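Each value in this text was obtained by applying a stated rule to the coordinates, not by laboratory testing. Fair warning: this is a prediction, and the values are worked out from it, not measured in the lab. Cβ placement follows ideal geometry from the backbone for every residue including glycine, while neighbour counts extend to all protein chains displayed.
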Amino acid sequence: MTILTVTNQKGGVGKTALTFHLAYLFARDGVRTLLLDLDPQGNLSRSYLEDTPPEAHIRLLFENQMPEPYQVAPNLYLVGSDITLSKYEADAKLENFFRVRTFLQEMNPAYDIVLIDTPPSLGLFTSNALLASERVLIPVDISHYARIGLADLMESIEKVRETTGSRLSVLGIVFSAVRERLRFFQAFRRDLEQRYPGLPFRTFIPESVRVREAISRRQTVFEAFPRHKVTRAFEALYQEIKERLP
Ligand SMILES: Nc1ncnc2c1ncn2[C@@H]1O[C@H](COP(=O)(O)OP(=O)(O)OP(=O)(O)O)[C@@H](O)[C@H]1O
Ligand SMILES: [Mg+2]
C-alpha cells in the first residue's frame, strides 16, 4: 500500500484538483484507491458528495472512532471532511498527530494506494498526513512566494523524517495551473530543478477554465472534456507519477 500526501501550505495551488484527477486515474486502472480529505474546507469531499455520510467522516479519528470509507466510484473510496473537522485543529496533544497513521495501520481491508488531500497550512492535519505517508506530491504555482513556501515545506518534511525516523520522501513537484508566459515558466522550472534535482515533473498542468467547469459538475476533465489539452496533461503527469512509484 502506497500512502501519498498531496500538500503545499500555500492556498489555491491545485492540491485538491490534482488529488481528484489522480484518484480518477488510479481507480480507472483498477487500483483500489482510498481518499482522505484532511481539509476542513471539505473541497475534495464535495467534489463527490454534497455531504459526507457521518460514518465516513475523518473527524471520527479525533473522537477515537474508525471511519468507514464510503464508495464514491468503482475502486474509489472516500473518508470525507467538512468544517466540523476544524474544531480539532487546536487540540495539539501528542496522540492527535498520529490519528491518520494509526487508522491506516489498523484499517481493513487494505487499499493499493491512499491519496491524502491537505489544507493550506502546516498544522495538525497536514502533520497527520505527513506522519502517515511515505511519499509527498507537491503542486506549486509559479511565483516568488512559491519558492519561499517550498523551502519551508521541504524543511518540515525533513523534520518529520528526522524526528520520527520515517521513510518519508518527496515524490515530485508538479507545476499546476501554469499560465505564465513560457519563458518565465521555463526559468522558474530550471531554478527549481537546480534547487531540487530530479523532483520537478516534466509534465506541467496548464491553466484551463475546463478544470473548474468539470469540477463544478462533479466530474474530472477525463469525463467532461476527454480530448482537451489539460486532460492530456493530467494523463501524462499520471504516467510520470506511476514511473516514480514502486
Ligand atoms: N489547471 C487548472 N486550471 C484552472 N483552474 C484550476 C486548475 N487547477 C485547479 N484550478 C482551480 O483553481 C482553484 C484552486 O484549486 P484547488 O482547490 O485544487 O487548490 P488547493 O491547493 O486545493 O486550494 P486550498 O489550498 O484552498 O485547498 C479551484 O477553483 C480549482 O478548480
Ligand atoms: Mg484544496
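Karplus-derived 3J(HN,Hα) values for the stretch 7-16, using 6.51 cos²θ - 1.76 cosθ + 1.60 with θ = phi - 60°, are 8, 5, 5, 6, x, x, 9, x, 4, 5 Hz; glycine and proline are entered as x.
Using the Kirkwood formula on the Cα atoms of the stretch 174-246, what hydrodynamic radius do you get, in angstrom to one decimal? About 13.3 Å, per the Kirkwood formula over Cα pairs. Across the chain, C-alpha contacts under 8 Å between residues 6 or more apart give a mean separation that, scaled by the residue count, equals a relative contact order of 24 percent. Tell me whether the stretch 133-208 comes out rounded, prolate or oblate; compute the Cα gyration tensor, take square roots of the eigenvalues as a ≥ b ≥ c, and use a/c under 1.5 as the rounded threshold. It comes out prolate by the Cα gyration axes. Amide hydrogen proximity for residue 175: with H placed 1.01 Å from N in the peptide plane, the residues at 5 or more positions away or on another chain lying under 5 Å are 140, 201, 205. Could you compute the net charge surrounding residue 225? Neighbours are other residues with a C-beta less than 11 Å from the C-beta of residue 225; K and R count +1, D and E count -1. Summing Lys and Arg as +1 and Asp and Glu as -1 gives +3.
Residues in the stretch 225-241 carry Karplus couplings, in order, of 9, x, 9, 6, 4, 5, 5, 4, 5, 4, 5, 5, 5, 4, 5, 5, 4 Hz; the curve used is 6.51 cos²θ - 1.76 cosθ + 1.60 with θ = phi - 60°, and Gly or Pro positions show x. Among 148, 241, the ranking by other beta carbons within 10 Å of each residue's beta carbon, starting with the fewest, stands as 148, 241. For the stretch 1-53, rounded, prolate or oblate, judged on the Cα gyration tensor with a ≥ b ≥ c (square roots of eigenvalues), a/c < 1.5 rounded, else prolate if a/b > b/c? Oblate, since a/c reaches 1.5 and b/c is not below a/b. Whole-Hz Karplus values for the stretch 126-132 come out as 5, 4, 3, 5, 5, 5, 9 Hz, taken residue by residue from phi with 6.51 cos²θ - 1.76 cosθ + 1.60 and θ = phi - 60°; glycine and proline positions read x. Is the shape of the chain best called rounded, prolate or oblate, per the rule: a/c under 1.5 gives rounded, else a/b larger than b/c gives prolate, else oblate, with a ≥ b ≥ c the square roots of the Cα gyration tensor eigenvalues? Cα axes put the chain in the oblate bin. Annotation: the residues 10, 15, 93, sorted from fewest to most other C-beta atoms within 10 Å of their own C-beta, follow the order 93, 10, 15.
Subtracting the Cα-Cα distance of residue 49 and residue 68 from 0.36 nm times their residue separation leaves 5.3 nm of extension gain.
Alpha-carbon geometry of the stretch 55-123: the Rg and the Dmax are 12.3, 37 Å, given in that order.
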